[in-house]
1. Looking for whichever is within 14 Å of chain C (Cβ to nearest Cβ), in a helix (DSSP H, G or I) and either closer than 17 Å to residue B:10 by Cβ or more than 12 Å from the chain's Cα centre (by Cα) (or both) here; the options are B:152, B:145. Which one fits?
2. Identify all residues within the stretch C:19-58 that are in contact with a Leu (Cβ under 8 Å, 6 or more places away or on another chain), modelled with pLDDT under 70 and assigned to a helix (DSSP H, G or I); write none if there are none.
3. Which residues, counting only those in the stretch C:197-209, are open to solvent by 40 Å² or more (accessible area, probe 1.4 Å) and more than 8 Å from chain A (Cβ to nearest Cβ)?
4. Looking at the structure I just gave you, is residue B:123 of a type outside the set (Ser, Thr, Tyr), open to solvent by 20 Å² or more (accessible area, probe 1.4 Å), farther than 16 Å from residue B:101 by Cα and in contact with a strand residue (DSSP E or B) (Cβ under 6 Å, 6 or more places away or on another chain)?
5. Of B:9, B:51, B:27, which residue is open to solvent by 60 Å² or more (accessible area, probe 1.4 Å) and part of a loop (DSSP other than H, G, I, E, B)?
6. Given the criterion within 26 Å of residue B:173 (Cα to Cα), modelled with pLDDT under 90 and among the acidic types (Asp, Glu), identify the matching residue among B:18, B:75.
7. Within the stretch B:189-206, can one find any residue that is touching a Pro at 6+ places or on another chain (Cβ under 8 Å), crowded, with 24+ Cβ neighbours inside 10 Å and under 17 Å from residue B:52 (Cα atoms)?
8. Taking residue B:73, is it part of a helix (DSSP H, G or I) and either closer than 27 Å to residue B:189 by Cβ or out of contact with any helix residue (DSSP H, G or I) (no Cβ under 7 Å at 6 or more places or on another chain) (or both)?
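The values are calculated or read from the model by the stated rules, or taken from the named source; none is laboratory data. Just so we're clear, the structure is a prediction, and the values are computed from it rather than from any experiment. As a convention, Cβ positions derive from the backbone with ideal geometry for all residues, glycine included, and neighbour counts pool all protein chains shown. These accessible areas exclude ligands, DNA and RNA; they are computed on the full protein's heavy atoms, side chains included. Shrake-Rupley method; radii C 1.70, N 1.55, O 1.52, S 1.80 Å.
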Amino acid sequence: MNVSRFQIAACRWTTILAVLVAVVFVAAAAAQTQPPLAAIDGFVPMSSAVPREVLPATPLVFYAYSFVWLALIGYVFSIWRRMARVEQDLADVQRRLKDGQGGR
Amino acid sequence: MQFFRTVLTIARKDLVIEARSRELAYTTLFFAISVVLVFSFSFVVEGVALTDAAAGILWVAIAFAGTLALGRTFERERQGDTLKALLLSPVERPAIYVGKLLGLLLLMTAVEAVIVPVIGLLFQAPLGRAPWLLVGLLAAGTIGFAAVGTLFAAMLIRAQSRDVLLPVVLYPITVPLVIAGVRGSAAIFAVEPNLAMAQAWLSMLVFFDAVFLTLALWVFGPVMNE
Amino acid sequence: MQKQSPVVPVFLAVAAGMFAYAPFLIDAAPYESTMGLIQRIFYYHVPSAMVMFGSAFVCGIASAVYLAKRSPQSDAVALAAAELVVVFGLIVLVTGPLWARKAWGVWWQWDARLTSSLVLWLIFVSYLMLRRFAGAGSEMLAAAVGVFGMANVPCVYWSVNVWRTIHPNTNVVRSLAPEMRLPFYWCVAAFVCLYVGLLLTRLRLEQSRRGLEAAYAEIED
């Protein structure tokens, strides 16, 4: 099976683009969760009558969203790395095949 | 008819081999008792067992002993290459599966017949409170566990790392069975027993058994065609 | 020789675009009355869970097809879908406890939905282990596990309706406030696009890998 270099490059650029776009969104999502910080952790009194452990929610939300992005980016990156290795091996094998045919 | 005859032949073959050496029966039983003891030490505080410990330990012992028995049964088949011979013979694949399943069930029943009284003794578990319900739970749970286990143990017979892969693959799938068995048994053994809840868990176990048996019977043929 | 179709980049680009807009929509949605800010995790947690279950079905069906027909294409789909179950399942199992810590006060509860989700995740982790460590013929064995994994999904879904449990039941989505519906369904669509894009990308990797193995076989001759 012959995979042209253009196709390999196109696939690689697609994954790079996806990763870059995703990184932009981590920043956007982080920026979005900042403004409510003032509203929640400010001087607004707790509306619930039952006193319970007051945990700031913002870090948890931030960690949750960040983890989602990290996991997805990590997976895309792992596919990219495996793809690069396979392409390298494939180019290697094709070179050896060609040499073998040339030598005969 | 041919189906049942095949099933009985295969089960009888396993029983005869086992009766001659009694290797599996003794080792599995001893292993199950060791598991019960080891877990007892973990869950006994100042001489008194934690609530529901008896039910939990019972089912853990069944699961571990069952895995061991599965491994050994099919190791025997692998060493003699007899499974290949069985598959080559002109019998239906499902019959082979059910035959092996029956053999394993008999072995596990024998082990449970000893373990359950031992647990009743060690934890003062009220075995006589709802004996048929308890037997039903044990039977349904064991059938489900054995159904999935026989399939996977037979599948893994020619795989690498089969010893460690069998538990890795078997336990996640049989966790619902163990949960239902434990909760059902705990409902019977509890200080205030809830027999209706135990019956609900039993019906869930029966449902799981039906699903697992159907899937296993369907999957066994294609998988063993390798 | 296959043409690299533009389908994959399109899906990924659409998903990326939807994810870009999502934070704005989520921010515009009203806060939930008892949980406040932490409920925002819902917009990522539930769509991830939906994608996880969907992927488990894809894997199960592909595995069943592989068992019946032995086609390498269905095996590749099953493997890709199983990997995605593990990835999205990990997202569900991490965002869930982060939400639970604030909403319920504990990181984890052994209730029906959490336990059965964890079990489903473990089944597909064992699928990947089988593919990796069982040696030759592992595709068939893993396909059997995939079929059992798919059978487990309805148990996970219905568990919250059958047992009284601390986890919100399946009526939550149906009874969402109108202002919350748009961001939620937007995120569902974004996750589904992302899932399809990732699945196709993974399939492409699998195709290349099989091409490599064919080339190795050729070189052996």
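1. Numbers: B:145 fails: either closer than 17 Å to residue B:10 by Cβ or more than 12 Å from the chain's Cα centre (by Cα) (or both).
Matching residue, one of B:152, B:145: B:152.
2. C:25
3. First pass over the stretch C:197-209, keeping only residues open to solvent by 40 Å² or more (accessible area, probe 1.4 Å): C:200, C:207, C:209.
C:200, C:207 - these are the residues of the stretch C:197-209 that are open to solvent by 40 Å² or more (accessible area, probe 1.4 Å) and more than 8 Å from chain A (Cβ to nearest Cβ).
4. yes
5. Working: B:9 fails: part of a loop (DSSP other than H, G, I, E, B); B:27 fails: part of a loop (DSSP other than H, G, I, E, B).
Just a single option satisfies the conditions, and that option is B:51.
6. Working: B:18 fails: within 26 Å of residue B:173 (Cα to Cα).
Going through B:18, B:75 in turn, the sole match is B:75.
7. The answer is yes; a qualifying residue exists.
8. Working: part of a helix (DSSP H, G or I): yes; either closer than 27 Å to residue B:189 by Cβ or out of contact with any helix residue (DSSP H, G or I) (no Cβ under 7 Å at 6 or more places or on another chain) (or both): no.
It is false that residue B:73 is part of a helix (DSSP H, G or I) and either closer than 27 Å to residue B:189 by Cβ or out of contact with any helix residue (DSSP H, G or I) (no Cβ under 7 Å at 6 or more places or on another chain) (or both).
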